[in-house]
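Undergrad: Dumping the structure here so I can ask a few things about it.
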Amino acid sequence: MNDRPASTPPEDRLLLTAAPHLKSPDSTPKIMWNVVGSLVPIMGAAVYFFGPSAIVVLAASTAGALGVEWLFGPKGSLKDGSAAITGILLGLCLPAGFPLWMAFLGGAFGIGFGKLMFGGLGQNPFNPALVGRAFLQAAFPTAITTWPSTEMEWAAWRGANFTLPLQGGEAPDVVTAPTPLGLWKFEGEVTDLWSLMVGNTGGSLGETAGVLILLCGSYLALRNYLNWRIPAGIFLTVFVFSEILYLVDGARFPPPFFMLFSGGLMLGAVYMATDMVTSPVTHLGCWIFAAGIGILVVLIRVWGGLPEGVMYAILFMNAFVPFINRATQPRVFGHGVAKGGKEPKP
Amino acid sequence: MWRKLTFSHGVHPPEHKELTNQVPIRRMPFPDEIVLPVRQHAGRPAKPIVKPGDWVERGDKVAEADGFVSVPIHSSAAGRVVEVGWWPHPDGTMAEAIMIQVEKYSPQIPRPRQIPRWEGLSPQEVVSWVQKGGVVGLGGAAFPTHVKLLPPKEFPIQLLLVNGAECEPYLTTDHRTMVEFPHRVWFGVRIMMKALQVQRAVIGVEKNKPDAIEILSKTRPPDLNAEVIGLTVKYPQGAEKMLIKAVTGREVPSGKLPMHVGVVVQNVGTISCIAEIFETGLPLIERVVTVTGPGVRRPSNLIVPVGTKIRDVLEFCGGLTEDVTEVITGGPMMGGAQPNLDAPVTKGITGIVALTRKEARIRQVYPCIKCGHCLDACPMFLNPSLMGSLAQTARYQEMADRAHLWDCMLCGACSYVCPSNIPLSQMFALAKYQLSRLRKKEQAA
Ligand code: SF4
Ligand code: SF4
């Protein structure tokens with residue numbers, strides 16, 4: 001009856017694992033490396049707009065992040081890809097002419113104090129890239145707001161990339177350009193939407209190509225590697241809030257589309273606020289988190305002393321994530337149901 | 001009102017039912033030896049009433065029920081009792097079992113027996129036949145069926161819900177039963193409706209079995225107030241609470257049973273087994289088992305005598321392939337890995353699934369990245385991420401107080417989606433076990 005000799009192997013060849021024995025194909029490194037992959041086009045755009053400076057700044061911040069993870073992180077944790085994301089994201093929110101040693105330091109600080117100090121992957125309350133960025137903002141306020149012009153020759157260095165620590169601040173021969181937000185804040189000038197969308201403006205490396213960021217984010221959202229509710233919620237709140245302000249006084253407040261596409265909002269909403277570790281786990285929580293960020297962004301931009309508020313808005317809301325999670329726990333199945341099993345009225 | 005026939009959350013593991021869902025059920029030949037553990041059901045184990053040397057015919061009682069929540073066990077083949085001792089149990093432990101040397105060349109004809117005429121029986125008599133037949137839930141939990149048929153007076157039952165969802169991947173046991181024995185299923189429904197004195201019955205079938213839905217609808221006896229409902233394909237659609245939610249929209253309150261919302265759920269296989277009692281008079285001595293998975297050479301649906309060793313069943317299906325890594329009894333989502341293939345097929349075993357490295361392997365565990373995927377998967381709306389972090393530091397009591405551990409039904413949906421490969425449902429099972437042990441100790445003290 002059998003065409004081949006039947007065989008049942010000795011049991012010592014069999015595994016004994018706990019149920020469930022099937023596993024979805026997603027894994028944490030796969031998610032992380034997909035995020036890295038989706039950042040590649042954005043890095044490409046940065047190189048296109050800012051030339052070789054973009055490459056070296058990104059490389060320096062990533063090297064800082066990876067180096068500290070390798071030195072102090074758990075063994076093999078480089079392979080999970082999360083340190084690479086931190087380094088790249090930090091690089092993307094730095095200006096092209098940023099000194100490399102500072103970028104390196106920022107990456108190292110972000111991983112060291114933003115993540116490893118709390119116990120490594122999954123334990124940190126704040127987005128490590130933003131921790132690094134906040135540190136740089138506090139330590140080197142001038143360097144981080146020196147924006148090179150986009151009109152320079154492609155191959156030219158965009159600033160004092162190669163200054164060394166403690167070297168005197170001799171001004172490099174660089175044409176600087178204001179960012180759209182700076183233009184609006186300090187000169188009352190609104191950049192046209194088209195330039196904002198395609199990225200042809202001054203700004204940090206990854207802050208310029210809004211449409212591209214949206215596309216890359218959509219890819220992640222489609223694969224469920226990113227919770228679309230967070231960027232959607234941020235955009236919605238920023239839009240509605242600034243629309244109201246614009247309607248109240250169109251001369252004082254910028255139009256909503258300008259708010260959406262200028263500065264670090266795109267990068268922040270799509271890549272930083274959605275960091276899984278530092279965002280809420282419930283859907284309702286994500287909406288609340290996003291709304292909080294949106295409102296804070298507009299408040300800081302319009303009334304704060306700085307033109308840009310995305311970073312602080314996200315860090316601020318990160319702090320509330322544990323409370324949001326606790327407050328938005330959904331009703332457990334079978335709890336609070338009336339006799340007869342009718343669902344309770346919400 | 002239009003309503004989607006399902007529950008919220010849940011997961012979509014690959015189904016892999018194509019391996020066996022068109023393979024007709026065959027009868028497996030009698031093995032040389034059968035092993036009948038006295039503990040094949042939830043509740044108290046049965047008490048052996050035979051001793052080594054005794055001769056038993058097929059269908060003879062070999063162990064009797066010990067109390068109300070217990071059922072008798074019958075021999076699935078004619079032969080001589082060789083030993084009453086300890087033997088590996090498919091749940092991974094050792095259990096007291098009756099070993100029977102099956103008589104070679106026996107025609108395996110059972111003793112002539114009385115076939116109950118259900119029309120003339122009272123509901124209580126029907127239920128007592130079910131208990132005498134040793135019937136337990138054949139969907140996997142193996143809870144004695146007659147207990148479910150005798151709900152206390154204060155819970156009037158309005159609906160008999162027949163579970164044909166079969167949401168576990170790979171398994172096609174219930175599917176083939178419905179397709180090949182639709183009349184038997186309806187006959188069983190009729191008897192159960194009588195036993196429960198309910199006016200209405202619903203058979204819920206996942207929509208990935210259109211042939212089963214069609215044939216059941218076609219063969220429905222016109223005088224029966226019953227219908228067949230196609231359900232959304234989603235795991236764990238076949239969990240009692242989820243099935244009730246999908247069909248009736250009612251939620252079984254936490255810590256309560258289906259009868260609290262006026263429903264009794266029975267598995268399709270159980271229903272057809274009860275029908276067989278009233279057709280042939282034979283107790284539960286064999287069951288349909290799906291033998292499948294990439295690690296089996298000839299995936300099949302078999303009628304297996306209860307007590308056949310897993311090894312014999314696998315041999316009959318052509319054996320295992322070279323690259324097999326794990327053999328599971330039950331479905332791959334909730335079933336247990338087998339440490340010992342000499343363990344027998346018990347009443348509660350729905351399938352034997354042999355997996356290869358592609359699916360079953362040791363995976364590296366990463367820290368929880370708070371992605372929230374487990375919350376989106378949990379059909380009970382729990383927070384597996386929080387429970388997991390509490391479990392890591394053995395804060396079991398806190399898991400129960402703060403995170404509703406006791407509402408977890410260990411379906412494994414959370415572990416299935418977790419990208420960090422955290423063994424969530426395994427930790428919850430352990431936590432429940434530890435807590436109940438603690439409770440017992442407290443009661444003893
Ligand atoms: S095993 Fe428990 S916690 Fe996990 S999904 Fe199922 S019910 Fe929810
Ligand atoms: S699915 Fe896993 S990694 Fe994601 S929140 Fe749940 S436990 Fe954490």
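The values are calculated or read from the model by the stated rules, or taken from the named source; none is laboratory data. Every value quoted in this text rests on a predicted model; they were computed, and no experiment measured them. Note: ideal-geometry Cβ built from the backbone for every residue, glycine included; neighbour counts use all protein chains shown. Ligands, DNA and RNA are stripped out before the accessible areas are found, and what is left, the full protein with its side chains, is counted by its heavy atoms. Shrake-Rupley method; radii C 1.70, N 1.55, O 1.52, S 1.80 Å.
Undergrad: Counting only DSSP beta bridges with both residues in segment B:1-289, tell me the antiparallel percent, nearest 5.
TA: In segment B:1-289, DSSP labels about 55 percent of beta bridges as antiparallel.
Undergrad: What average count of beta carbons from other chains do you get within 10 Å of the Cβ of residues in B:294-306?
TA: Rounded to a whole number, the mean comes out at 1.
Undergrad: If each residue of separation counts as 0.36 nm, what is the full-extension length gain between B:W55 and B:L150 once their alpha-carbon separation is subtracted?
TA: Gain on stretching B:W55 to B:L150: 30.7 nm.
Undergrad: If r is the Cβ-Cβ distance from A:D249 to A:L222 and R0 is 41 Å, what FRET efficiency results, to the nearest 0.05?
TA: Rounded to the nearest 0.05, the efficiency is 0.55.
Undergrad: Let me confirm one metric for peptide B:330-342, namely the mean number of other chain beta-carbon atoms within 10 Å of its residues' beta-carbons.
TA: Averaged over the peptide's residues, the number is 4.
Undergrad: I would also like to ask the following. For B:K432, B:K47, give the ranking by accessible area with the largest first, probe 1.4 Å.
TA: B:K47, B:K432
Undergrad: For chain B, what is the accessible area per residue in Å², given a 1.4 Å probe and the full set of protein chains?
TA: 39 Å²
Undergrad: Pull up the cross-link candidates among the lysines for B:K207, meaning alpha carbon to alpha carbon under 19 Å and not fewer than 8 places away within one chain.
TA: B:K4, B:K17, B:K218, B:K234, B:K241, B:K245
Undergrad: Same structure again: Springs between alpha-carbon atoms under 10 Å, Gaussian network over chain B: tell me which of B:M242, B:M334, B:M192 tops the mean-square fluctuations.
TA: B:M334
Undergrad: Given a cut-off of under 8 Å on Cα pairs at least six residues apart, what relative contact order in percent is computed for segment B:373-444?
TA: Normalised by residue count, the contact order of segment B:373-444 is 33 percent.
Undergrad: Would you kindly derive the ³J(HN,Hα) couplings of segment B:107-122 from the backbone phi angles with the Karplus curve 6.51 cos²θ - 1.76 cosθ + 1.60 (θ = phi - 60°), listing them in order in whole Hz, with x for Gly and Pro?
TA: Working through the residues one at a time gives x, 6, 8, x, 4, x, 9, 6, 9, x, 9, 5, 4, x, 8, 7 Hz.
Undergrad: So what J values fall out for segment B:147-158 if you push phi through Karplus, 6.51 cos²θ - 1.76 cosθ + 1.60 with θ = phi - 60°, rounded to Hz, Gly and Pro as x?
TA: Listing the rounded values in order: 5, 5, 7, 10, x, x, 4, 6, 10, x, 9, 9 Hz.
Undergrad: Okay, next question. At a 10 angstrom cut-off on C-beta neighbours, averaged per residue, how do the peptides B:178-187, B:412-421 rank from highest to lowest?
TA: Ranked by mean Cβ neighbours within 10 Å, highest first: B:412-421, B:178-187.
Undergrad: Now for a different question. Ranking request for peptides B:75-81, B:336-342: highest mean number of other beta-carbon atoms within 10 Å first, then the rest in descending order.
TA: Sorting B:75-81, B:336-342 by mean packing, highest first, produces B:75-81, B:336-342.
Undergrad: Moving on to the next point. Under the classification rounded if a/c is under 1.5, otherwise prolate if a/b is larger than b/c and oblate if not, where does segment B:373-444 fall, given a ≥ b ≥ c as square roots of the Cα gyration tensor eigenvalues?
TA: Cα axes put segment B:373-444 in the prolate bin.
Undergrad: Once every Cα of the protein assembly as shown carries one equal point scatterer and solvent is ignored, give the base-10 log of I(q)/I(0) from the Debye formula at q = 0.10 Å⁻¹, two decimals.
TA: For the protein assembly as shown at q = 0.10 Å⁻¹, log10 I(q)/I(0) is -1.00.
Undergrad: List the accessible area buried at the contact between A and B, summed over both sides and calculated with a 1.4 Å probe, in Å² to the nearest 100.
TA: 5200 Å²
Undergrad: Looking at the protein assembly as shown, what % of its DSSP beta bridges pair antiparallel, to the nearest 5?
TA: 60 percent
Undergrad: OK, next. Only Cα pairs under 8 Å and at least 6 apart count here; give the relative contact order of segment A:27-176 as a rounded whole percent.
TA: 27 percent
Undergrad: Counting only C-alpha contacts under 8 Å and six or more residues apart, can you give the relative contact order of chain B as a whole percent?
TA: 19 percent
Undergrad: If you don't mind, another one. How about B:K153: which aspartates and glutamates have a C-alpha closer than 20 Å to its C-alpha, ignoring those fewer than 8 places off in the same chain?
TA: Within the straight-line limit of under 20 Å, B:K153 reaches these aspartates and glutamates: B:E125.
Undergrad: Can you pull the three principal axis extents for the Cα set of segment B:301-359, in Å, largest first?
TA: 31, 25, 21
Undergrad: On to the next question. Given a 1.4 angstrom probe, I'd like the percentage of the accessible area of chain B that is carbon and sulfur, rounded to a whole number.
TA: 55 percent
Undergrad: Under the definition of partner shielding as Cβ atoms of other protein chains within 10 Å of a residue Cβ, what is the mean value for peptide B:312-318?
TA: Partner Cβ neighbours, averaged per residue: 3.
Undergrad: Here's something else I'd like to know. Please list A:I314, A:I244 from largest to smallest accessible area, probe radius 1.4 Å, with all protein chains kept in place.
TA: The residues order as A:I244, A:I314, largest area first.
Undergrad: Continuing with the same structure: Given the options B:R250, B:R357, B:R298, which has the most mean-square fluctuation in a GNM of chain B, springs set between C-alpha atoms less than 10 angstrom apart?
TA: B:R357
Undergrad: What Cys residues in chain B are without a partner cysteine, judged by a Cβ distance under 4.7 Å?
TA: Isolated Cys, chain B: B:C167, B:C273, B:C317, B:C368, B:C371, B:C378, B:C408, B:C411, B:C418.
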